Amino acid sequence: MSRRVAGRAGVVQIPSVFRRLDPARITDTARRLAQRVTERFPDSGLRGVADDLIDVCVRAGADLIWVGRPHWLLRLAVGCCIGLLLIVFGATTLVVFRLPTGVSVTDVVQAIDAGVNEVVFLGAAIFFLATLEVRRKRKRALRAIHGLRSMAHIIDMHQLTKDPERVANPEAGGNTPSSPSRRLTPFALSRYLDYCSEMLSLLSKSAALYVQDFDDPITISAVNEVENLTTGLSGKIWQKIMILDRELAELGPTPAAS
């Protein structure tokens, strides 16, 4: 599908593909990123995270189809249950309100009270059944989004000990016995941090797939939390990249920075 926009050159067709996330393209981007990480850091733990990110993107694409499509069998079963409840309610109403002549006011009040209770319980049952499909989709989406949130923290742990100041200027201060090993050059560290930022961005896009065709406020709120988390972690990473560039600029061209 596409929309038509009038311009100086006439009517321009703008394809709707640019207004939707394509899970296949997200997965392809994740595969290329994993290949880049493998080529640059073949022995690092980030390589395993990049491989797992491919599976996450593939699963998000499959969940997009599952969450976005109507579940007709479930809807049919729910419709049958609601119809049966309405039949039972109608039969019960006829029995309750078919009062004989000469009944007292107390009997009438009791009959009305019983009818109101029936209506309340019927409404609750219909609401429970009518929202069954949404709650089922929500449960699956929230479980997957929770996994995305955990993976974002795992990516953050991989870049946690990457100190740009120590890498750019390793002679400034000594190491302690518990200091992490710093074997990356400034350029390699910049690539490492950039890969982490790209992974966080792909996680955010995978989370957005779950609400692309599923307008559920609770799920949308969970997706927004993941987006805020990945944006905040990516901001920390880019602060490190900026510090690394600043340190290299102050030190000038050195063998360690080449």
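Using a 7 Å offset from the Cα along the Cα-to-Cβ direction at both Gln239 and Glu225, what is the distance between the two label points in nm, to one decimal?
Calculated label separation equals 2.3 nm.
Using a Förster distance of 22 angstrom, determine the FRET efficiency expected from the C-beta separation of Thr38 and Ser201, and round it to 0.05.
Once rounded, the FRET efficiency stands at 0.70.
Would you please give the FRET efficiency between Leu21 and Ser181, computed as 1/(1 + (r/R0)^6) with r the Cβ-Cβ distance and R0 = 41 Å, to the nearest 0.05?
Approximately 0.60, to the nearest 0.05.
Exposure proxy check: His71, His158 ranked by fewest other beta carbons within 10 Å?
Sorted ascending by nearby Cβ count, the order is His71, His158.
To the nearest 0.05, what FRET efficiency results for Ile82 and Asn117 with a Förster distance of 22 Å applied to their C-beta separation?
0.75
Working out 0.36 nm times the residue gap between Asp28 and Leu73, then minus their Cα-Cα distance, what length gain in nm do you get to one decimal?
Here the segment from Asp28 to Leu73 would lengthen by 12.9 nm.
Going by how many other Cβ atoms sit within 10 Å of their own, how do Phe89, Phe127 line up, fewest first?
Going from sparsest to densest Cβ surroundings: Phe127, Phe89.
Give the order of Thr219, Thr161 when sorted by the count of other beta carbons within 10 angstrom, beginning with the fewest.
If I rank by nearby Cβ atoms, fewest first, I get Thr161, Thr219.
Values in this text are rule-based calculations from the coordinates and carry no lab data. This one's a predicted model, so the numbers in the text were calculated from it and none came from an experiment. Don't worry about glycine lacking a Cβ; one is built from the backbone with ideal geometry, like all the others, and counts go over all protein chains shown.
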